[in-house]
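All remarks here apply to the structure that follows.
The values are calculated or read from the model by the stated rules, or taken from the named source; none is laboratory data. Everything quoted here is computed from the prediction, not taken from an experiment. We place every Cβ from the backbone using ideal geometry, glycine too, and count neighbours over all the protein chains shown.
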Amino acid sequence: MQFILLESMTGSDYTKVWAPYYTAHKILRGLLDAHTATGDERALDLASGMGNWMYSRLSVLPAATLQRMWGIFSSGEFGGIVEAVYDLHQLTGKAEHLALARLFDLDSLIDACAADTDALNGLHANQHIPAFTGLVRLYDATGEERYLTAAKNFWGMVVPHRMYGIGGTSTGEFWKARDVIAGTIGATTAESCCAYNMLKLSRALCFHEQDPAYMDYYERALYNQVLGSKQDRADAEKPLVTYFIGLTPGHVRDYTPKQGTTCCEGTGCWARRTATGSWPRRGRRRTRADTAPRHRAPT
């Protein structure tokens, strides 16, 4: 029902439709990871079936409908599904799966970023960051320069123009105007999902263009936000992760589980991989954050 309702929506109402393709991404990613980790062909078969179903649904919709859907706040959010579908295509070789990945293109934003026109003011930050990692993957598959150029320019619109000192971005989940970052500092800054997905985008871009700025940013956000975004406690019934990182004087990180389940709880579990995902081949050693000595600042 959520998929059907989204196709006819003209404005956001997440009390009725809350990002069905975002949920589809989590399921698809889990199936692909299960196949990669275990070699179980059943997981790949299910993932391929999901891809076939999404293609059969989206490929018959008018282009204008798709553009409207992907531009709707929250309801049209699809997370990292483009990257996941790209990975599915790498495994299956099906042309339909590559075509499916391209059906998530939000042309208005891609074209603006490809032209280096900053269009981020007022956008829901984490709705769009993972989409640009997907564009890097689409460039890998198609060679279409528009995708890579858009991703590189988008990164440059966030770093440093909408970046806090810890590497995080967004306030209250949204971006404000360019270069007004100091005026946006508050209790709901630096959503954890945004930092994680900016790490993924930075890493993907660095493999195409070895600009040290990408790994400088990666190091900043990894050590100052992501590694400290999870608290380990043996009796915890839910993931103890940060949602926002308040940056006002005296603010402390809040790991209290929220009512229901937040996006940052799922992303917070994935984020554990970022500590070992980029530098091991260079021989760099580091201590895991949860085994390092802990320091409590005086209150």
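Quick notes
- Those residues of region 189-207 which are surrounded by 17 or more Cβ atoms within 10 Å (Cβ to Cβ), out of contact with any Asp or Glu (no Cβ under 6 Å at 6 or more places or on another chain) and either in a loop (DSSP other than H, G, I, E, B) or of a type in the set (Asp, Glu) (or both), in sequence order: Ala190
- Filter result for Arg282 (exposed (fewer than 10 other Cβ atoms within 10 Å of the Cβ), modelled with pLDDT under 75 and not assigned by TED's automatic domain parsing to the domain that holds Ala190): yes
- Number of the exception - Asp235 against (1) out of contact with any helix residue (DSSP H, G or I) (no Cβ under 8 Å at 6 or more places or on another chain); (2) in a helix (DSSP H, G or I): (2)
- Helices (runs of 4 or more DSSP H) wholly inside region 1-64 that include at least 2 residues being within 15 Å of Gln90 (Cα to Cα) and not small (Gly, Ala, Ser): 20-38, 41-58
- Cys269 passes every criterion in (1) at pLDDT 65 or above; (2) farther than 21 Å from Ser202 by Cα apart from (2).
- Of residues in region 133-149 being acidic (Asp, Glu) and without any contact (Cβ under 8 Å) to a residue 24 or more places away in the chain, the one surrounded by the most Cβ atoms within 10 Å (Cβ to Cβ): Glu144
- For region 208-232, a residue qualifies if it is at pLDDT below 95 and in a loop (DSSP other than H, G, I, E, B), and the qualifying residues are Glu209, Gln210, Leu227, Gly228, Ser229, Gln231, Asp232.
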